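The structure appears below as structure tokens.
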Amino acid sequence: MVMPLIRSACRGLIVRSNGFPRPTAFSRHSTLVRFNSTTTNTGSAQTTATPNGPSSKSFWRSPVAVPRRSVFKFAGGAVALGAGVYLYNISDAFRHNVLAVQRVMVAAEAVVIVGVDYKYTMDITNRGLVEGNPEDDAERARRMSALHTRSANRLREMLSKNGGIYIKLGQHLASLKYLLPDEWTTAMEPLQDRCTPSSIESIQALFMSDIGRPISSIFSSFDLEPIGVASLAQVHKATLLDGREVAVKIQHPALQEFSTVDIRTVAALTHLVAYVFPEFEFTWLSEEMQTSLPKELNFDFEAANAARVAANFDSARKEGNKSTIKIPDVIWSRKRVLVMEFMVGSRIDNLQYLRDHNIRVSEVSNEMARTFSQMIYKDGFVHCDPHPGNLMIRPTPAGSPSPRNFEIILLDHGLYRELTPEFRLDYAHLWTAIIASDEQEIKYRALKLGGTDAYQLFSSILTGRDWSVVQNAELSKKARAKDELVNLADGPGSIADIAGILAKVPRDLLLLFKTNDLLRALDEDLGADDGSQMRTFAVMGQYCAQAIYEAEKSAIQSSLAASSRATTMTFLVRTLSSWFKAYCSYLHTVVSLELFVWWIDVTQSDALFYKILVHLGSLLF
């Protein structure tokens with residue numbers, strides 16, 4: 001295949017070197033050239049050139065001999081090109097290397113262009129603008145907004161082109177509303193829903209390579225069209241041979257080929273950004289991907305996580321803590337295939353579905369707060385990707401333990417984080433201090449847990465609220481308005497300040513930042529009222545109080561066990577006093593927050609009792 005191509009190319013070159021006539025120049029308007037005629041059409045008139053004639057300049061260049069070295073260079077290039085094409089088509093390893101290099105170059109090109117654009121705009125273009133001048137400040141803001149927009153669009157195009165893990169990275173960037181400018185998060189949002197499905201042929205090949213059996217030998221029916229497509233996998237509805245309907249989650253086959261090189265590329269590029277822009281520390285982003293993605297790409301981990309979180313909620317129900325959460329049963333799993341119970345429902349943010357089934361948004365918001373507070377403060381095992389695509393809702397089926405008229409179905413158990421008891425206690429103390437607006441305690445906990453003394457900015461990142469709201473103890477009294485969506489890059493701290501904090505905090509806390517922000521965004525997508533948003537903090541405050549009390553009670557019990565042989569009356573009195581103080585503090589917090597939630601419910605119910613209280617208040621005051 002290669003040699004005939006080379007022979008043909010060389011033959012053409014030799015013929016040309018032996019005197020085949022070539023045109024050297026003709027009118028810029030020429031549309032037709034006839035090599036064996038002396039007439040040329042210039043577009044406006046016919047002109048005739050007579051070669052070697054006395055009154056005209058020769059149109060043709062004299063034959064030129066091509067050096068033998070050029071022939072060899074051309075032939076060598078043709079051989080290399082032909083060999084490359086040949087290897088690309090017959091060698092999987094060679095093709096993989098070529099495509100891997102191509103993906104790296106596409107990513108590197110986009111990042112370098114964005115970096116140069118930022119460097120040029122911030123260091124040179126804005127140099128003539130005077131700080132404090134209203135017109136210059138407005139012009140600087142306009143230029144920066146345009147810079148953010150074109151840079152984000154350029155990077156999104158690269159992420160879409162490379163696909164796979166790059167799409168996952170873009171989805172993560174879209175969730176960093178506490179860090180990135182609006183232009184960036186808005187540009188990345190389309191990546192949440194624009195994922196290309198893998199072909200059924202590649203899916204069939206995956207089943208043969210991973211399981212050793214065709215799809216038809218495992219399922220009696222298998223829907224060819226996926227019911228859901230995400231960045232890492234797609235889901236098909238199928239029926240097992242025993243008649244059970246199942247959802248089959250299948251990893252995109254192409255991911256395995258490039259996942260390792262893609263993760264390393266992202267790591268290298270974030271280190272490059274950190275080197276060129278030392279003030280922008282984003283290496284934590286690639287470090288988190290290197291930790292999380294290998295587990296997300298192994299569905300055996302996901303199956304184990306689903307079983308564990310289901311057991312946690314079953315245990316909570318036995319202790320009297322009712323829950324609306326439903327985890328689909330996993331039937332079997334392999335590294336790239338997961339077969340689980342099929343469930344009918346709708347996305348949790350489908351407001352029309354909620355109305356059709358008489359499901360109250362405020363109750364959904366309340367149950368989400370309880371569910372994730374249970375995971376964080378009690379179980380220490382947290383689902384860290386609660387976006388609407390991973391949450392379904394359905395009316396309560398017969399026999400369900402749900403205390404409401406609905407069940408929340410939690411999907412995609414690939415990304416979890418296990419929290420140590422010490423971390424959970426510090427986190428509970430931090431949130432308790434934030435809700436109570438205890439500035440000194442906030443400062444202490446931010447330094448202990450987050451490793452930063454910038455406690456005001458740290459609190460704003462954690463809560464998604466302006467520091468003035470936290471400072472004035474209005475977190476559970478004043479709902480976040482739409483115009484208070486905290487874009488911290490343009491607020492009290494710069495991107496560099498926030499990136500500096502995120503580079504210091506523990507990796508577990510980074511994922512909790514993301515989880516908190518996704519839950520707040522869900523509340524706003526649901527259109528949760530002011531009471532629902534305030535009730536969320538009240539519910540979380542109750543779980544924090546319980547976590548603190550349980551830790552103090554455990555410490556008292558350990559102290560008693562350690563001194564059981566030398567117990568004195570003084571020691572017993574002191575221990576009993578400590579327990580009583582801890583219990584009273586816990587009871588005071590829980591009862592206060594219960595009354596607060598009750599008052600929110602009363603004020604929003606338009607009940608007669610509330611109307612009477614309002615009327616009495618107007619008479620007395």
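The values are calculated or read from the model by the stated rules, or taken from the named source; none is laboratory data. All values reported here derive from a predicted model rather than from experimental measurement. Cβ atoms come from the backbone with ideal geometry, glycine included; neighbour counts cover every protein chain shown.
For the range 421-431, the criterion of being of a type outside the set (D, E, K, R), in a loop (DSSP other than H, G, I, E, B) and either in contact (Cβ under 8 Å) with a residue 24 or more places away in the chain or more than 23 Å from residue 470 (Cα to Cα) (or both) is met by none of the residues.
Of note, residue 300 does not satisfy the criterion of being in a helix (DSSP H, G or I), within 27 Å of residue 210 (Cβ to Cβ) and either in contact with a Leu (Cβ under 8 Å, 6 or more places away or on another chain) or touching a residue at least 60 places away in the same chain (Cβ under 8 Å) (or both).
Residues in the range 244-279 that are touching a residue at least 60 places away in the same chain (Cβ under 8 Å), surrounded by fewer than 19 Cβ atoms within 10 Å (Cβ to Cβ) and more than 27 Å from residue 338 (Cα to Cα): 272, 276, 277, 279. Across the range 163-186, the qualifying residues are those that are among the hydrophobic types (A, V, I, L, M, F, W, C) and assigned to a loop (DSSP other than H, G, I, E, B), and the one among them that is surrounded by the fewest Cβ atoms within 10 Å (Cβ to Cβ) is 176.
Per-residue answers, yes or no, for (1) modelled with pLDDT of 80 or more; (2) part of a helix (DSSP H, G or I); (3) under 21 Å from residue 321 (Cβ atoms):
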residue	(1), (2), (3)
531	no, yes, no
538	yes, yes, yes
541	yes, yes, yes
554	yes, yes, yes
560	no, yes, no
577	yes, yes, no
586	yes, yes, yes
589	yes, yes, yes
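Looking at (1) touching a helix residue (DSSP H, G or I) at 6+ places or on another chain (Cβ under 6 Å); (2) surrounded by fewer than 20 Cβ atoms within 10 Å (Cβ to Cβ); (3) of a type outside the set (A, V, I, L, M); (4) not in a helix (DSSP H, G or I), which is the one condition that is false for residue 189? Exception for residue 189: condition (4).
Would a scan of the range 493-507 turn up a residue that is under 22 Å from residue 185 (Cα atoms), polar (S, T, N, Q), surrounded by fewer than 16 Cβ atoms within 10 Å (Cβ to Cβ) and at pLDDT below 85? The answer is yes, given that some residue of the range 493-507 is under 22 Å from residue 185 (Cα atoms), polar (S, T, N, Q), surrounded by fewer than 16 Cβ atoms within 10 Å (Cβ to Cβ) and at pLDDT below 85.
The single residue among 150, 156, 140, 103 that is modelled with pLDDT of 85 or more and surrounded by 18 or more Cβ atoms within 10 Å (Cβ to Cβ) turns out to be 156. Listed conditions (1) surrounded by fewer than 17 Cβ atoms within 10 Å (Cβ to Cβ); (2) in contact (Cβ under 8 Å) with a residue 24 or more places away in the chain; (3) under 28 Å from residue 246 (Cβ atoms) are all met by residue 291, apart from (3).
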